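Written below as structure tokens is the structure these notes are about.
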Amino acid sequence: MKYFFLFLISFSAFSQTIIPSEFSAKFEETIVSAVTGKEIKSNGEIKYRYPSHLRLEVLEPEPSTVVVNPKRTWIYQPPFIEGEKGQVTIEKKSSWPLLKTFDSLTKSLENSKEFTHKFSGNKLSINFHKEVQANLGIKSVTFMAKNNAKEVKSFSEFESMTLVKSDDKEQKYKFSEIKVGPIDVINFNFDIPKNTKVIEN
């Protein structure tokens, strides 16, 4: 499968935003297991709307759903065995590192008060200031291009996005089938299924 960012934003005009204010996509996430050191991959679908709206549905290998809006966060795990209870954790706040990072990256590269940026070969590095890192839980984001990143004309020429968290662990994302445009706010509420254990924090 060919992965790409179809955000259609030109680097020739840094006044443009980095991440679209609203988009949906399929994704592949890669992390490294702290126990085995091996890569763990998952895939699913994502919806984002600025500010503070995210829906992240992992479809494989272990289904789960995260839904965030400005007032609440739901983290849902369906039952492993049919007939058993699933579980949903509800937090009365908007909290998810990927969401906060997207919100920051809807701002332009130029003259940002939250981060610095640097081009190096086929890499675009974004490093958040320390006070911002504390809020995001993310140190940096790296976009990898097919060729020289400084010559990139649109995000369709980037192949991946890697987040480095505050604990130095990495999360790598590849997006496909991106659709930029309005996302109905109804997507950012979660209807709790029957037979679900509810934990409220």
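The values are calculated or read from the model by the stated rules, or taken from the named source; none is laboratory data. Source: prediction; values computed, not measured. All Cβ positions, glycine included, derive from the backbone under ideal geometry; neighbour counts span all protein chains shown.
Just checking, which of Phe190, Phe175, Phe119 is out of contact with any Cys (no Cβ under 7 Å at 6 or more places or on another chain), of a type outside the set (Ser, Thr, Tyr) and part of a loop (DSSP other than H, G, I, E, B)? Outline the logic, then answer.
Numbers: Phe175 fails: part of a loop (DSSP other than H, G, I, E, B); Phe119 fails: part of a loop (DSSP other than H, G, I, E, B).
One residue alone meets the criteria, Phe190.
Of the residues Pro63, Pro97, Pro78, which is over 19 Å from Glu29 (Cα atoms) and either in contact with a Leu (Cβ under 8 Å, 6 or more places away or on another chain) or surrounded by 15 or more Cβ atoms within 10 Å (Cβ to Cβ) (or both)? Even if it seems obvious, please write down each step before you answer.
Working: Pro63 fails: over 19 Å from Glu29 (Cα atoms); Pro97 fails: over 19 Å from Glu29 (Cα atoms).
Sole residue among the options that is over 19 Å from Glu29 (Cα atoms) and either in contact with a Leu (Cβ under 8 Å, 6 or more places away or on another chain) or surrounded by 15 or more Cβ atoms within 10 Å (Cβ to Cβ) (or both): Pro78.
Which ones in region 45-60 are under 27 Å from Glu82 (Cα atoms) and surrounded by fewer than 18 Cβ atoms within 10 Å (Cβ to Cβ)?
First, the residues of region 45-60 that are under 27 Å from Glu82 (Cα atoms): 45-46, 55-60.
Within region 45-60, Glu45, Glu57, Leu59, Glu60 qualify.
To keep it simple, each residue is scored yes or no on (1) over 18 Å from Lys100 (Cβ atoms); (2) β-branched (Val, Ile, Thr).
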position: Thr142; (1), (2): no, yes
position: Lys146; (1), (2): yes, no
position: Lys150; (1), (2): yes, no
position: Ser160; (1), (2): yes, no
position: Glu170; (1), (2): no, no
position: Asn189; (1), (2): yes, no
position: Asn201; (1), (2): no, no
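For region 183-198, name all the residues that are surrounded by fewer than 13 Cβ atoms within 10 Å (Cβ to Cβ) and hydroxyl-bearing (Ser, Thr, Tyr).
Hits for region 183-198: nothing passes.
Tally time: how many residues in region 135-188 are closer than 16 Å to Glu45 by Cα and either in contact with a helix residue (DSSP H, G or I) (Cβ under 6 Å, 6 or more places away or on another chain) or among the aromatic types (Phe, Trp, Tyr) (or both)?
Of the residues in that region, 3 qualify.
Can you say whether Ser108 is outside any loop (DSSP other than H, G, I, E, B), small (Gly, Ala, Ser) and in contact (Cβ under 8 Å) with a residue 24 or more places away in the chain, as far as the supplied structure shows? Before you say what the answer is, go through the steps one by one.
Numbers: outside any loop (DSSP other than H, G, I, E, B): no; small (Gly, Ala, Ser): yes; in contact (Cβ under 8 Å) with a residue 24 or more places away in the chain: yes.
Answer is no for this residue.
Can you tell which of Leu59, Leu54 is in contact with a Gly (Cβ under 6 Å, 6 or more places away or on another chain) and either within 21 Å of Asn135 (Cβ to Cβ) or assigned to a strand (DSSP E or B) (or both)? Lay out the reasoning, then the answer.
Numbers: Leu54 fails: in contact with a Gly (Cβ under 6 Å, 6 or more places away or on another chain).
The unique qualifying residue is Leu59.
Which members of region 62-92 meet the condition of being of a type in the set (Gly, Ala, Ser) and in a strand (DSSP E or B)?
Step one: filter region 62-92 for residues of a type in the set (Gly, Ala, Ser), giving 64, 83, 86.
Matches in region 62-92: Ser64, Gly86.
Quick check on Phe102: is it within 19 Å of Arg55 (Cβ to Cβ), of a type in the set (Phe, Trp, Tyr) and not in a strand (DSSP E or B)?
For Phe102, the condition - within 19 Å of Arg55 (Cβ to Cβ), of a type in the set (Phe, Trp, Tyr) and not in a strand (DSSP E or B) - is met.
Is there any pair with a first residue in region 81-101 that is closer than 18 Å to Thr65 by Cβ and a second that is of a type in the set (Phe, Trp, Tyr) and surrounded by 15 or more Cβ atoms within 10 Å (Cβ to Cβ) whose Cβ atoms are under 7 Å apart and which are 6 or more apart or on different chains, and what are they?
Gly86/Tyr76; Val88/Trp74; Val88/Tyr76; Ile90/Trp74
Would you check if Lys26 is at pLDDT 80 or above, surrounded by fewer than 19 Cβ atoms within 10 Å (Cβ to Cβ), in a strand (DSSP E or B) and not small (Gly, Ala, Ser)? Working first, answer last.
Working: at pLDDT 80 or above: yes; surrounded by fewer than 19 Cβ atoms within 10 Å (Cβ to Cβ): yes; in a strand (DSSP E or B): yes; not small (Gly, Ala, Ser): yes.
Yes; evaluated as a whole, the condition is true for this residue.
Would you confirm whether any residue within region 101-114 is surrounded by 15 or more Cβ atoms within 10 Å (Cβ to Cβ) and farther than 21 Å from Ile19 by Cβ?
no
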